[in-house]
Amino acid sequence: MMAVLESRYSKANNAFGRRELFEKEESRGILFPHNIVELFQLEDDVLEPFLASLLAEQQVRKSGSND
């Protein structure tokens, strides 16, 4: 669940927390890129409104599907 939330936050906020890492395959010497998102530096007072907006969005979808 955290990975999904991190990804959605990053996409909505100019790739905040996104980093590209490379893993080397030793046998062929090839580097493979891996994208990760880490929101450790994100303050709670910034993340909380984002989470609240996601919850509100889900509630609207749920109420719309019940009609």
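Assorted remarks:
- Å² of accessible area per residue within the stretch 22-67, as computed with a 1.4 Å probe and no ligands counted: 86
- Residue-averaged [θ]222 nm for the chain, counting only DSSP H segments that reach four residues, each worth -39500 (n - 2.57): -16500 deg cm²/dmol
- Charged-residue dipole, Cβ positions (Lys, Arg, Asp, Glu), the chain about Cα centre, Debye nearest 20: 300
- ³J(HN,Hα), Karplus 6.51/-1.76/1.60, whole Hz, each residue of the stretch 42-55, x for Gly, Pro: 6, 6, 4, 5, 8, 6, 4, x, 4, 5, 4, 5, 5, 5
- Relative contact order for the chain, counting Cα pairs under 8 Å that sit 6 or more residues apart, in percent: 24
- The stretch 1-33 versus the stretch 49-66: alpha-carbon centroid distance in Å: 27
- Whole-percent carbon and sulfur share, accessible surface of the chain, 1.4 Å: 55
- Scaled against 2.2 N^0.38 Å for its residue count N, the alpha carbon radius of gyration of the chain is 1.57.
- Proximal charge balance of Ala3 [Cβ under 13 Å; K/R count +1, D/E count -1]: +1
The values are calculated or read from the model by the stated rules, or taken from the named source; none is laboratory data. These numbers come from a predicted model, not from an experiment. Methodologically, a virtual Cβ is constructed for each residue, glycine included, from the backbone with ideal geometry; neighbour enumeration extends over all protein chains shown. Accessible surface is based on the protein model in full, side chains and every heavy atom, while ligands, DNA and RNA are left aside. Shrake-Rupley method; radii C 1.70, N 1.55, O 1.52, S 1.80 Å.
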